[in-house]
Amino acid sequence: MALKDASVLADALVAYDDAPAAPTASQDERLERTSAVVPALRRQEALGRAAKRGE
């Protein structure tokens, strides 16, 4: 995710004339992306725990 974050920030720095606006824009995109990834990771973690318990 760090590489994607860096890429999105670089794109925002190019797209915005106002440098302070770029991190805000990239953060908004990052939140959209991570809000989809985090639940999937939690489900995967729960499946891993269940497999270790033999369920």
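Readers should treat all values here as calculations from the given coordinates under stated rules, not as data from a laboratory. None of the values given here were measured: they were computed from a predicted structure. For neighbour counting, all protein chains shown are included, and Cβ atoms are generated from backbone atoms with ideal geometry for every residue, glycine included.
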A correct Karplus calculation of ³J(HN,Hα) over the stretch 40-45, with 6.51 cos²θ - 1.76 cosθ + 1.60, θ = phi - 60°, whole Hz and x for Gly and Pro, returns 5, 5, 5, 5, 4, 4
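Of the listed peptides 13-24, 43-54, what is their order by residue-averaged count of other C-beta atoms within 10 Å, with the highest listed first?
Numbers: 13-24: 11.4, 43-54: 9.2.
Result, highest mean first: 13-24, 43-54.
Could you give the alpha-carbon Rg of the chain over 2.2 N^0.38 Å, rounded to two decimals?
1.65
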Of the candidates Ala46, Leu9, Ala22, the farthest towards the positive dipole end of the chain (Lys/Arg Cβ +1, Asp/Glu Cβ -1, centred on the Cα centre) is Ala46
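Can you give the calculated 222 nm mean residue ellipticity of the chain, where each DSSP H run of n ≥ 4 adds -39,500 (n - 2.57) and the sum is split over every residue, rounded to the nearest 500 deg cm²/dmol? Kindly include the intermediate steps, with their values, before the conclusion.
Numbers: 2 runs with 47 residues, N = 55.
Mean residue ellipticity, 222 nm, calculated: -30000 deg cm²/dmol.
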Point-charge dipole on Cβ atoms (K/R +1, D/E -1) for the chain, about Cα centre, debye to 20:
660
Tell me the angle of helix 2-15 to the major Cα principal axis of the chain, expressed in degrees between 0 and 90 and rounded to the nearest ten.
20
